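This report refers to the structure that appears directly beneath it.
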Amino acid sequence: MNSDLKQLIRLQSIDLAIQELRARIDKFPGISKALDEKLRSAQAGLETAKEKVKSNQANRKKFEGEINNTESKISKYRDQMMAVKTNDEYRALQHEIEHAQKGIRKTEDDLLNLMMEAESLQSEIKTAEVCLKEDQQRVNEERKLLEEENKRDLTGLESYVKERQEIATSISSDDLLPRYERVRKHRGGIAVAAARNEVCEICKVRIRPQVFQEILKNDQIIACDACQRILYDPNNLDHPFEVA
Ligand SMILES: [Zn+2]
């Protein structure tokens, strides 16, 4: 088998692997950030519930204060009632007391509603805490896997890049590597194609029978007339390659 052809086939498989690894490595920061975001939103849910509890407590305190104030007002009216001289004055005070008592009842209703709200807020907080804990656990696991994968990818990339350099220097024909790069650049990253049943496997254009017979030998560099990709017979390799 032509040794340059053999190297190009390997080079193509390495380049596809490098492309895939780089794509995944590029995505890593974004995915990592999305994990942070997920946690932040669970934390925000908990914070919101806690804020609601705070404002509920403040309102309850306010209403309780209002009730106390009104009660002391009522007791003042009662004191004044002892000292009034006319029925009109007495009735006026009585009216004030009734009005104040009505106010208290209304505030007590509001207070009761707030107390019920506080109960449901407590369970809201509990749910938010459970959610946050679950999310934290999930995110930690996902991040661990992601970081492991990223580490593997970086190591893999490094070793592919090294092997690529070795292959590049081992190709004997000077113009072959630039030609490979040119075709790869213009043909969607693929410069080497298998030929099967007289057809270029990538561009699907038919290969002339005499040319196909030559390709089957794998002993020279022959390009597809249609796409310029370098062709080879996948069933006649010295040893198996990882060819996409
Ligand atoms: Zn072709």
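The values are calculated or read from the model by the stated rules, or taken from the named source; none is laboratory data. None of the values given here were measured: they were computed from a predicted structure. Cβ placement follows ideal geometry from the backbone for every residue including glycine, while neighbour counts extend to all protein chains displayed. Ligands, DNA and RNA are stripped out before the accessible areas are found, and what is left, the full protein with its side chains, is counted by its heavy atoms. Shrake-Rupley method; radii C 1.70, N 1.55, O 1.52, S 1.80 Å.
Please determine, by comparing only the residues of segment 178-219 that are aliphatic (A, V, I, L, M) and part of a loop (DSSP other than H, G, I, E, B), which one is nearest to the chain's Cα centre (by Cα).
Here the residue is Ile190.
Mind checking which residues of segment 22-54 are open to solvent by less than 40 Å² (accessible area, probe 1.4 Å), within 30 Å of Ser120 (Cα to Cα) and of a type outside the set (A, V, I, L, M)?
Gly45
Here's the yes/no breakdown for (1) farther than 30 Å from Gln43 by Cα; (2) in the same structural domain as Lys27 (by TED's automatic domain parsing); (3) among the basic types (Lys, Arg):
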residue	(1), (2), (3)
Gln137	no, yes, no
Gly156	yes, yes, no
Ser159	yes, yes, no
Lys217	yes, no, yes
Ile221	yes, no, no
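Among the residues of segment 202-221, which ones are within 11 Å of the ligand (Cβ to nearest atom) and either open to solvent by less than 60 Å² (accessible area, probe 1.4 Å) or in contact (Cβ under 8 Å) with a residue 12 or more places away in the chain (or both)?
Those that are within 11 Å of the ligand (Cβ to nearest atom) and either open to solvent by less than 60 Å² (accessible area, probe 1.4 Å) or in contact (Cβ under 8 Å) with a residue 12 or more places away in the chain (or both): Ile202, Cys203, Val205, Ile207.
Would you call Arg164 surrounded by 13 or more Cβ atoms within 10 Å (Cβ to Cβ), in contact with a Leu (Cβ under 7 Å, 6 or more places away or on another chain) and either part of a helix (DSSP H, G or I) or assigned by TED's automatic domain parsing to the domain that holds Glu20 (or both)?
So Arg164 passes the test.
Before we move on, is Gln19 closer than 30 Å to Tyr160 by Cα, open to solvent by 80 Å² or more (accessible area, probe 1.4 Å) and not small (Gly, Ala, Ser)?
When the stated conditions are applied, Gln19 passes them.
Val192 versus (1) within 13 Å of the ligand (Cβ to nearest atom); (2) out of contact with any Pro (no Cβ under 9 Å at 6 or more places or on another chain); (3) over 28 Å from Ile25 (Cβ atoms): which is the lone unmet condition?
Unmet for Val192, out of (1) within 13 Å of the ligand (Cβ to nearest atom); (2) out of contact with any Pro (no Cβ under 9 Å at 6 or more places or on another chain); (3) over 28 Å from Ile25 (Cβ atoms): (3).
Please work out which residue is nearest to Ile9 (Cα to Cα), limiting yourself to segment 180-201 and to residues that are of a type in the set (Lys, Arg) and in contact (Cβ under 8 Å) with a residue 12 or more places away in the chain.
Arg184
Looking only at segment 94-135, filter to residues that are closer than 30 Å to Ala42 by Cβ and of a type in the set (Asp, Glu); which one of those is most open to solvent (accessible area, probe 1.4 Å)?
In this case the residue turns out to be Glu119.
Considering segment 10-52 alone, what residues qualify as being of a type in the set (A, V, I, L, M, F, W, C), over 18 Å from the mean Cα position of the chain (by Cα) and under 30 Å from Leu114 (Cα atoms)?
Of everything in segment 10-52, those that are of a type in the set (A, V, I, L, M, F, W, C), over 18 Å from the mean Cα position of the chain (by Cα) and under 30 Å from Leu114 (Cα atoms) turn out to be Leu46, Ala49.
Could you list, in sequence order, all residues of segment 4-16 that are farther than 15 Å from Arg179 by Cα and either open to solvent by 20 Å² or more (accessible area, probe 1.4 Å) or of a type in the set (Phe, Trp, Tyr) (or both)?
Once the filter is applied, which keeps residues that are farther than 15 Å from Arg179 by Cα and either open to solvent by 20 Å² or more (accessible area, probe 1.4 Å) or of a type in the set (Phe, Trp, Tyr) (or both), segment 4-16 yields Lys6, Arg10, Leu16.
Can you tell which of Leu35, Leu8, Leu39, Leu46 is modelled with pLDDT of 95 or more and outside the structural domain of Arg187 (by TED's automatic domain parsing)?
Going through Leu35, Leu8, Leu39, Leu46 in turn, just one is modelled with pLDDT of 95 or more and outside the structural domain of Arg187 (by TED's automatic domain parsing): Leu8.
Can you tell me which residues in segment 185-217 are under 16 Å from Leu5 (Cβ atoms) and in contact with a helix residue (DSSP H, G or I) (Cβ under 6 Å, 6 or more places away or on another chain)?
Ala191, Val192, Ala195
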